[in-house]
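Let me begin by presenting the structure, written as structure tokens, before commenting on it.
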Amino acid sequence: MNDVVIRNALLLDGLGSTPVHGDLAIADGKIAGIGKSLTGKEVLDASGLALMPGIIDNHTHYDAQITWDPLVSPSPALGVTTAIIGNCGFTIAPCRPADRELVMKNLTQVEGMSLEVLRQGIRWDFETIPEYFDMLERRGTAINIAGFVGHSSLRTYVMGEDAAKRAATQAEVARMRALVVEGMSAGAIGFATSTSPAHNGHGGLPMPSRLADDAELRALVGALKDAGRGVFMLTKGGHTKVPFLEELAAESTRPVVVAALLHNSTSPRAVFDDLDAIAAANARGRRMVGAISCCPLSMDFTLHSPYTFEGLESWQPALPLKGAAYEAKLKDQGFRDAVRAELSRPAHFRLFNAQWDQVEVVESADKDAEQRSIGELARLAGKDPLDFMLDLALGEKLDTVFNAMLLNSDDAAVGEMLRHPASLVSLSDAGAHLTFFNDAGFGLHLLGHWVRERGALTLQDAVRRMTSVNALLFGIRGRGVLKPGYAADLVLFDPATVGRGAKQRVFDLPGGHPRLTTPARGVHGVWVNGARDLKMLPGRVLREFSA
Ligand SMILES: [Zn+2]
């Protein structure tokens, strides 16, 4: 007898097939049957609704949050049933007790979580990668979790404070390589790193992985070849070129995920050049994808921690400073001129590109300024926009909240990226940048905005891109397709209303700290391994993958 039958839904199989109406039965956590007039203990009438495999979110950062929040909020409510953690190499294992503070400080800066939250939140009952996965298994999780071996953690583990300061010696590289092998044998899904200048750690030092030379990357990615499986993911800076990544793909014979490809209106073809280069590499037999986002990248920020600017070369002198010294730097004419000069030069990859009309005041003591752009306010005041913004913030103890619409806001361009054969729908960054933005609902945005409102993709193709495409690329077995015997990871939704709601600030992090979240629209049910009550923690830690 089936446990549950979902009756008369529009079935989207995850493979991109033409949707058909039918019933789907669940028994023992698996899809037990698909057809007509199925029977079960519980029958749910899903007329008018669509049923798809649960979304696999391939780019999350729940490594820290999941230790205090096994519900990994808000992803499950937004249709995600499997999340891959450890992206960009920002894991929290391996980590020696003595390095915990350093690792937390790095995450604070790079992922926009306050140090207080991390100190109060992270439960550190592990040191190695196998111990971390064992801990997740013991505690349970609402959704399925798979994790990368993270490069920055390996460096800190092997090199201590030097990790963010210098290249590794041959002996250190050998030790890191052994840790990649250990992580892969413990069930990691691959190896992740970052060379992005937006990724800075404590005191403005680069995240450790940025100090790796080509030989180190070759050695560590090469470990995946020995493991015979695993995906290499990298968030690249402008200096990391696709041909080098193609060499890594060829040498390791492993799939390579190239992130983060976001559309920049001031350098509008750059992202397509990368996607075309990736497609050309695939034509030569590689397996590479360009990780793109289907969401506009907009960030809330204050000058206390302006992620928007921290990747700028000219901002580096301000990064290690605190308090009065930092404010003095923000006032400094030479500093401001250097920032202006840098922003006036075109750049391949840059978060902020001086689009001052797209930077808005969200909260200020001056209520008249709210919801108006810095471009407009500066023109009215007859001031340079950078001067205007910094002076406004300095006059309000840096508490002024701004929002910047940074990248990926050109719908025509993003639609073209979504249809590009080398693109992978990705970059939710769920679990990170919590006070800046929240794109954990990217999947609902794809279904609502890109399928229903823009008609850029068919419903079945959008679903395929968030399910079986990921399962195949990452070697996730028995998930991502509606098929008897596959895990009952399911999302039931209304295609006429599905989407994500407006962002909201909530204060539910450890210590009552704030984060941004977006509510789901049009989602009628989410099942993980056949269970609809996610508080029962029905998720699995995925540790076995196909080669
Ligand atoms: Zn990331």
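Values computed for the structure shown
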| read-out | value |
| --- | --- |
| Unmet criterion (only one of (1) surrounded by fewer than 21 Cβ atoms within 10 Å (Cβ to Cβ); (2) β-branched (Val, Ile, Thr); (3) within 16 Å of the ligand (Cβ to nearest atom)) for Thr302 | (3) |
| Single residue of segment 465-515 satisfying the filter (of a type in the set (S, T, N, Q) and under 16 Å from Ala77 (Cα atoms)) that is least open to solvent (accessible area, probe 1.4 Å) | Thr497 |
| Near pairs, Cβ below 8 angstrom, 6+ apart or cross-chain, from segment 417-438 (farther than 13 Å from Ala260 by Cα) to any residue that is aromatic (Phe, Trp, Tyr) and away from the ligand (no atom under 13 Å from the Cβ) | Leu418/Trp450; His420/Phe272; Thr435/Phe301; Phe436/Phe301 |
| Number of the condition not met by Arg543 [criteria: (1) assigned to a strand (DSSP E or B); (2) farther than 29 Å from His449 by Cβ] | (1) |
| Count of segment 312-337 residues which are touching a residue at least 24 places away in the same chain (Cβ under 8 Å) and of a type in the set (D, E, K, R) | 4 |
| Residues of segment 98-107 classified as closer than 15 Å to His433 by Cα and open to solvent by less than 30 Å² (accessible area, probe 1.4 Å), total | 3 |
| Selection from segment 47-69 of residues that are surrounded by fewer than 24 Cβ atoms within 10 Å (Cβ to Cβ) and either without any contact (Cβ under 8 Å) to a residue 24 or more places away in the chain or not polar (S, T, N, Q) (or both) | Gly48, Leu49, Trp68, Asp69 |
| Filter result for the condition that a residue is in a strand (DSSP E or B) and within 15 Å of the ligand (Cβ to nearest atom), over Ile92, Ile84 | Ile84 |
| Test: residue in segment 50-72 that is part of a loop (DSSP other than H, G, I, E, B), away from the ligand (no atom under 16 Å from the Cβ), among the polar types (S, T, N, Q) and closer than 24 Å to Gly121 by Cβ | no |
| Failed item in (1) open to solvent by less than 10 Å² (accessible area, probe 1.4 Å); (2) more than 30 Å from Gly522 (Cα to Cα), with Glu111 passing the rest | (2) |
| Residue list for segment 488-505, restricted to those being within 24 Å of the chain's Cα centre (by Cα) and over 15 Å from Ser47 (Cα atoms) | Asp489, Leu490, Val498, Gly499, Arg500, Gly501, Ala502, Lys503, Gln504, Arg505 |
| Criterion violated by Lys329 - all others in (1) part of a helix (DSSP H, G or I); (2) open to solvent by 10 Å² or more (accessible area, probe 1.4 Å); (3) over 30 Å from Val362 (Cβ atoms) satisfied | (3) |
| Pairs, first within 19 Å of His263 (Cα to Cα) in segment 338-352, second open to solvent by 40 Å² or more (accessible area, probe 1.4 Å), C-beta under 7 Å, six or more apart | Pro346/Thr266 |
| Segment 1-16, residues that are open to solvent by less than 50 Å² (accessible area, probe 1.4 Å) and assigned to a loop (DSSP other than H, G, I, E, B) | Leu12, Asp13, Gly14, Gly16 |
| Filter result for Leu44 (in a loop (DSSP other than H, G, I, E, B) and open to solvent by 30 Å² or more (accessible area, probe 1.4 Å)) | no |
| Residue list for segment 516-540, filter: open to solvent by 60 Å² or more (accessible area, probe 1.4 Å), not in a strand (DSSP E or B) and not hydrophobic (A, V, I, L, M, F, W, C) | Arg532, Asp533, Lys535, Arg540 |
| Every residue from segment 419-460 that is more than 16 Å from the ligand (Cβ to nearest atom) and within 30 Å of Ile92 (Cβ to Cβ) | Ser423, Gly441, Gly443, Leu444, His445, Leu446 |
| Selected residue (criterion: farthest from Ser468 (Cα to Cα)) from residues of segment 486-509 that are of a type in the set (A, V, I, L, M, F, W, C) and assigned to a loop (DSSP other than H, G, I, E, B) | Ala502 |
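Each row is one residue, and each column tells you yes or no for (1) in contact with a helix residue (DSSP H, G or I) (Cβ under 9 Å, 6 or more places away or on another chain); (2) away from the ligand (no atom under 16 Å from the Cβ); (3) open to solvent by less than 10 Å² (accessible area, probe 1.4 Å).
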position: Ala260; (1), (2), (3): yes, no, no
position: Arg269; (1), (2), (3): no, yes, no
position: Leu275; (1), (2), (3): yes, yes, yes
position: Ala280; (1), (2), (3): yes, yes, no
position: Ile292; (1), (2), (3): yes, no, yes
position: Ser298; (1), (2), (3): yes, yes, no
position: Gly311; (1), (2), (3): no, no, no
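The values are calculated or read from the model by the stated rules, or taken from the named source; none is laboratory data. All values derive from a computational prediction rather than experimental measurement. FYI the Cβ positions are ideal-geometry reconstructions off the backbone, even for glycines, and counts take in every protein chain you see. Just so you know, the surface numbers come from the protein's heavy atoms only, side chains and all, with ligands and any DNA or RNA stripped out. Shrake-Rupley method; radii C 1.70, N 1.55, O 1.52, S 1.80 Å.
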